[in-house]
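Heads up: the structure comes next, in structure tokens.
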Amino acid sequence: MNVPVLTIDGPSGAGKGTVSRAIAKKLGWNYLDSGSIYRSLAIATLDQNIDLHDEAAVVKVAQQMKLAFECNEELIVKLDDIDITSRLATEETGSAASQIAALPDVRGALMEKQRDFQKSPGLVADGRDMGTVVFPEAQYKVFLTADAATRAERRYKQLIEKGICANLPQITQEIELRDRRDSERSIAPLAMAEGALYIDSSSLSIATVINEILRIV
Ligand code: DC
């Protein structure tokens, strides 16, 4: 299949979502927010009172859940026909997503769901292992990061804007814990793909990051 793919990987709060959505819109390409797939599975698992470490049970939830994405101004996610968008961004969901994401069979069960997004005319895929594991053949690869304090502040502002209660020191701690878990896990850890364009967005505007990336596409 020759549908072009741009992968944007990086840690939590690096600005991947904002940048990826803007680029997808500009190019008229499809957009995969792979984190929201892990987050949706985390919600389904928590709602069914399943232990986040019970790999076989979580895989079963992954195989059975029905996910639908509607990309309007905001990304709307429906889990088994119920709109769960407002629950996706919470730290509880993010932390649970990071835990189930460390289970190898769970990652395997979500692989096809992610590859299905590769449709004409192109795909912008955002996550942790887009350029290394899910779309290793992607033509364009970016690793987008920022220092932990900047990422925590951005995440804090995002949550407050969404009307979700947040506390900066706690978010900083959670971001550091999540970074460690996502980078140190044995399967598909957060890593820069070979040949990826490295961007540290700590002191860059969103517009500058978008332009940097558009130059390679
Ligand atoms: O990007 P995010 O914060 O929405 O992702 C939530 C969690 O899901 C993240 O902590 C790790 C996991 N994840 C992953 O392991 N692989 C991906 N491609 C995307 C997310």
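Sort 96-106, 44-54 by packing, meaning the average of other beta carbons within 10 Å per residue, with the highest value first. Please report the intermediate quantities before stating the final value.
On the way: 96-106: 20.5, 44-54: 14.7.
With the highest mean Cβ count within 10 Å placed first, the list reads 96-106, 44-54.
Give the Rg/Rh ratio for the range 139-182, taking Rg as the radius of gyration of the Cα atoms and Rh as the Kirkwood radius, to two decimals.
Working: Rg = 12.2 Å, Rh = 11.4 Å.
Ratio of gyration radius to Kirkwood radius for the range 139-182: 1.07.
Ordered by residue, what ³J(HN,Hα) values in Hz, to whole numbers, does the range 135-147 give under the Karplus form 6.51 cos²θ - 1.76 cosθ + 1.60, where θ = phi - 60° and Gly and Pro are x?
10, x, 8, 3, 6, 10, 10, 10, 10, 10, 9, 6, 5
Among the lysines, select those whose C-alpha is under 25 Å from the C-alpha of LYS60, and discard any that sit fewer than 8 residues away in the same chain.
LYS78, LYS113
Relative contact order for the range 1-91 using alpha-carbon pairs under 8 Å, separation at least 6, rounded to a whole percent?
Reported relative contact order: 17 percent.
Filter the trypsin sites (Lys or Arg not before Pro) in the range 61-150 down to the DSSP loop ones having no more than 14 other Cβ atoms within 10 Å, then list what survives. Intermediate values should be presented prior to the final figure.
Working: sites: LYS66, LYS78, ARG87, ARG107, LYS113, ARG115, LYS119, ARG128, LYS141; in loops: LYS66, LYS119, ARG128.
Filter output for the range 61-150: LYS66, LYS119.
Explain nothing, just the number: relative contact order of the chain, from Cα pairs under 8 Å at least 6 residues apart, as a whole percent. All intermediate terms of the calculation are to be shown ahead of the outcome.
Details: 355 pairs, mean separation 73.5, N = 217.
Taking the mean separation of contacting Cα pairs over the length of the chain, I get 34 percent.
Give me, ordered by chain and number, the residues 5 or more places off LEU197 or on other chains with an amide H under 5 Å from its own placed amide H.
Excluding prolines and chain starts, which carry no amide H, the hits are LYS141, VAL142, PHE143.
Would you please classify the overall shape of the chain from the alpha carbon gyration tensor, given that a ≥ b ≥ c denote the square roots of the eigenvalues, rounded means a/c under 1.5, and beyond that prolate means a/b larger than b/c while oblate covers the rest?
rounded
Output the antiparallel fraction of DSSP beta bridges having both residues in the chain, as a percent to the nearest 5.
Values: 7 of 24 bridges.
Given both bridge residues lie in the chain, the antiparallel proportion sits at roughly 30 percent.
Sort out the exposed loop GluC sites (Glu not before Pro) in the chain (DSSP loop, at most 11 other Cβ within 10 Å) and tell me the longest stretch that has none. Mind dumping the intermediate values first?
On the way: sites that count: GLU73, GLU74, GLU137, GLU194.
Longest gap between qualifying sites, sites excluded: 1-72.
Can you tell me how the range 28-139 classifies by the Cα gyration tensor, rounded, prolate or oblate, using a/c under 1.5 as the rounded cut?
Working: a/c = 1.89, a/b = 1.31, b/c = 1.44.
Note, shape of the range 28-139 comes out oblate.
FYI, it's all coordinate maths here, none of it is from the lab. All figures in this text were calculated on a predicted structure; none of them were measured in a lab. Note that each Cβ is placed from the backbone with ideal geometry, even for glycine, and that neighbours are counted across all protein chains shown.
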